[in-house]
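To start, the structure under review is shown below, and the notes come after it.
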Amino acid sequence: MDQAIETALAALRTHRAAKASMDMRAAFAGDPQRFERFSLGLDDLTLDFSRTAVTEETIALLTGLAEAAGLSAAREAMFSGERINGTEDRAVLHTALRALSGGPVVEAGKDVMPEVRAVLEAMDAFATGVRTGAIRGATGKAFTDVVNIGIGGSDLGPVMVTRALAPFHDGPRLHYVSNIDGAHIADTLAGLDPETTLFIIASKTFTTIETMTNAATARQWVADALGQEATGDHFAAVSTALDKVSAFGIDRARVFGFWDWVGGRYSLWGAIGLPIMIAVGADDFRRLLAGAEAMDRHFHSAPPARNLPVMLGLIGYWHRVICGYPARAVIPYDQRLERLPAYLQQLDMESNGKRVQLDGTAAETPTGPLVWGEPGTNGQHAFFQLLHQGTDIIPVEFILAAEGHEPRLKHHHDLLVANCLAQAEALMKGRTREEAEAQLLAKGMDASEAKRLAPHRVFPGNRPSVTILHRRLDPFALGRLIALYEHRVFVEARLYGINAFDQWGVELGKELATELLPVVEGKTGAGDRDAATAGMIRLIAALRGG
Ligand SMILES: O=P(O)(O)OC[C@H]1O[C@](O)(CO)[C@@H](O)[C@@H]1O
């Protein structure tokens, strides 16, 4: 580990040891300005980290660590198209996909923006054609349903955004098929009419077995209903592998490209966003990009202590590495963000779930935490018990909009807001044994019974949470929120010293699945596979009556 980083880390650990017993309740009581001093704003967006056990000294030490780790230079390297993904020798330029109001973005000596704009225009023309009915199926009917077939980054972003932007959805119905499990495509196609269904095959590599298998099934479904020659009218593709798309038989005019400098989990901003554009239209899609671009500009230029993604990353690092918390929960108090936790699981865990540093040596600190969550208030009635009274401390990130989209249901939104604020307050304040006992006595319970039951009603409190508040979940706000999380992952990766842009950890399972398929099919024997795999193969064959 670099000497400057080691020193900064040691200082943080010493500081934590001295502050381990910091009581947030006392910190709030002693500082009426704590909320103002430990929250940051960007237009209508607020990042409140006042309910974490940090002081100004903590923030100074964390920003010192970021400096020692070369965060500013690394950020510059990303925005300027350097090949920072060293294990794949690639630039990382998803920010170029939304840099529509800026100047050139140069990768390998070439401005990529003309191509970015050209793809966006082509998407616009196609999406508009589908939405207006100018582009139709083989029998002349307009498309009522669009099925996106893709997985991972070719699915999670568009699924999450389509759901989030439901109030803006005025195009055909959208469906997403990702799983290799035939149940997924079977259940999706069951309700659809081949004459009015368009498929988008989304795969960066166009080799992913799940997507290729589902695509072949979809093509057969159209061919069976309308004839082989009709299939061309019912398919479009999104990929970086244009030759492979042609081999599948999709017309070049219906293929929307992107580039190897866009990672799968960072790709919703370009052609992978085609289903989003079909759902909400090109104008709202551009508003989504504009929101992300606004966050990019802020991340690129704001000083660390005023920079929202930097601060969210520093707080994440503080909890993961310095406090040793193994997980974080992301709880959107917004039903339409129900797929955000799943999206963030790929973004964060595929990026930062690494055990070696950039140079291949073992990571010297813990790296990315387990990320999970569900929308509030549903989560409250499921796992919040553990967040409040479990033996592990799990920092929570609440996401909240001041306004909903249903003015007539404002009383619902008021309840939603009250619940979100109440959970953050409960995690922080807790309830002492004395308070618990007094509450039971006040209800008329006798003293010995109150004593017996009080321990079960104690909340330790002092549990950290961050709250992200914006005015309303619209395309701009959503783009800005996603970009906030993208850059936070970048910040944390830099502090861990790892490459956030490869994903070798998904390969081994894929290779073994390929080897095991003929064994499962009964074409070859289990050979010298381990006894557990061989045993399961035998059982599966027996259960199938083989
Ligand atoms: O878009 P593709 O190439 O089909 O890949 C899908 C997903 O598979 C992965 O490579 C591994 O899960 C992801 O990074 C990617 O988003």
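The values are calculated or read from the model by the stated rules, or taken from the named source; none is laboratory data. Remember, it's a predicted structure, so these values are computed and weren't measured experimentally. Cβ coordinates were reconstructed from backbone atoms using ideal geometry, including for glycine residues, and neighbour counts include every protein chain displayed.
Against the criterion of being touching a residue at least 40 places away in the same chain (Cβ under 8 Å) and more than 16 Å from the ligand (Cβ to nearest atom), Thr208 does not qualify.
All conditions but one from (1) touching a Phe, Trp or Tyr at 6+ places or on another chain (Cβ under 6 Å); (2) assigned to a loop (DSSP other than H, G, I, E, B); (3) not acidic (Asp, Glu) apply to Thr207; the one that does not is (1).
Looking only at segment 94-112, decide whether some residue is at positive phi, surrounded by fewer than 13 Cβ atoms within 10 Å (Cβ to Cβ) and more than 27 Å from the chain's Cα centre (by Cα). Break it down into steps so the answer makes sense when it comes.
Pass one, segment 94-112, residues at positive phi: 108-109.
Add one more test, that the residue is surrounded by fewer than 13 Cβ atoms within 10 Å (Cβ to Cβ), and what stays is 108-109.
Checking which are more than 27 Å from the chain's Cα centre (by Cα) leaves us with 108-109.
The answer is yes, given that some residue of segment 94-112 is at positive phi, surrounded by fewer than 13 Cβ atoms within 10 Å (Cβ to Cβ) and more than 27 Å from the chain's Cα centre (by Cα).
Results for (1) away from the ligand (no atom under 16 Å from the Cβ); (2) farther than 23 Å from Arg131 by Cα; (3) assigned by the TED database to the domain that holds Val146, shown as yes or no for each residue.
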{"position": "Leu174", "(1), (2), (3)": "yes, no, yes"}
{"position": "Phe199", "(1), (2), (3)": "no, no, yes"}
{"position": "Ala216", "(1), (2), (3)": "no, yes, yes"}
{"position": "Glu229", "(1), (2), (3)": "yes, yes, yes"}
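Return the pair list, or none, for Cβ contacts closer than 6 Å from residues in segment 486-506 that are in a loop (DSSP other than H, G, I, E, B) to residues that are charged (D, E, K, R) and surrounded by fewer than 24 Cβ atoms within 10 Å (Cβ to Cβ), at least 6 apart or on different chains. Qualifying pairs under 6 Å: Ile498/Lys354; Asp502/Glu88; Gln503/Glu350. Between Phe35, Phe49, the distinction of being within 27 Å of Ile399 (Cα to Cα) and surrounded by fewer than 18 Cβ atoms within 10 Å (Cβ to Cβ) belongs to Phe35 only. Does at least one position in segment 287-304 carry a residue that is among the acidic types (Asp, Glu), in the same structural domain as Phe490 (by the TED database) and at pLDDT 95 or above? No; the residues of segment 287-304 include none that is among the acidic types (Asp, Glu), in the same structural domain as Phe490 (by the TED database) and at pLDDT 95 or above. Note on segment 344-363: residues that are within 16 Å of the ligand (Cβ to nearest atom) and either assigned to a helix (DSSP H, G or I) or in contact with a helix residue (DSSP H, G or I) (Cβ under 7 Å, 6 or more places away or on another chain) (or both) amount to 10. The residue that is farthest from Thr208 (Cα to Cα), counting only those in segment 100-157 that are part of a strand (DSSP E or B) and within 16 Å of the ligand (Cβ to nearest atom), is Val147. For segment 231-242, what are the residues that are touching a residue at least 60 places away in the same chain (Cβ under 8 Å), away from the ligand (no atom under 11 Å from the Cβ) and not in a helix (DSSP H, G or I)? Once the filter is applied, which keeps residues that are touching a residue at least 60 places away in the same chain (Cβ under 8 Å), away from the ligand (no atom under 11 Å from the Cβ) and not in a helix (DSSP H, G or I), segment 231-242 yields only Ala236. Out of Gly479, Gly461, one residue alone is buried (at least 23 other Cβ atoms within 10 Å of the Cβ), touching a residue at least 24 places away in the same chain (Cβ under 8 Å) and not aromatic (Phe, Trp, Tyr). It is Gly479.
Here Leu192 clears all of (1) among the aliphatic types (A, V, I, L, M); (2) more than 16 Å from the ligand (Cβ to nearest atom); (3) farther than 30 Å from Arg488 by Cα; (4) outside any loop (DSSP other than H, G, I, E, B) except the condition numbered (4).
Residues in segment 248-268 that are in a loop (DSSP other than H, G, I, E, B) and of a type in the set (Gly, Ala, Ser) were compared, and the one that is nearest to Asp155 (Cα to Cα) is Ser267.
Taking the criterion of being in contact (Cβ under 8 Å) with a residue 24 or more places away in the chain, in a helix (DSSP H, G or I) and touching a helix residue (DSSP H, G or I) at 6+ places or on another chain (Cβ under 8 Å), the residues of segment 397-456 that qualify are Asn419, Gln423, Ala426, Leu427, Met428, Lys429, Arg433. For Val245, the test of being assigned to a strand (DSSP E or B), out of contact with any His (no Cβ under 7 Å at 6 or more places or on another chain) and either of a type in the set (A, V, I, L, M, F, W, C) or within 12 Å of the ligand (Cβ to nearest atom) (or both) is failed. Restricting attention to segment 342-383, the residues being within 19 Å of Val506 (Cβ to Cβ) and free of Cβ contacts under 8 Å to residues at least 60 places away in the same chain number 8. Within segment 30-78, the residues that satisfy the criterion of being within 24 Å of the chain's Cα centre (by Cα), outside any loop (DSSP other than H, G, I, E, B) and over 25 Å from Leu9 (Cβ atoms) are Ser39, Gly41, Leu42, Leu45, Thr46, Asp48. Among the residues making up segment 364-396, a single one is assigned to a strand (DSSP E or B) and surrounded by fewer than 17 Cβ atoms within 10 Å (Cβ to Cβ): Leu370. Screening Pro167 on (1) touching a strand residue (DSSP E or B) at 6+ places or on another chain (Cβ under 8 Å); (2) away from the ligand (no atom under 16 Å from the Cβ); (3) not aromatic (Phe, Trp, Tyr) shows it passes everything except condition (1).
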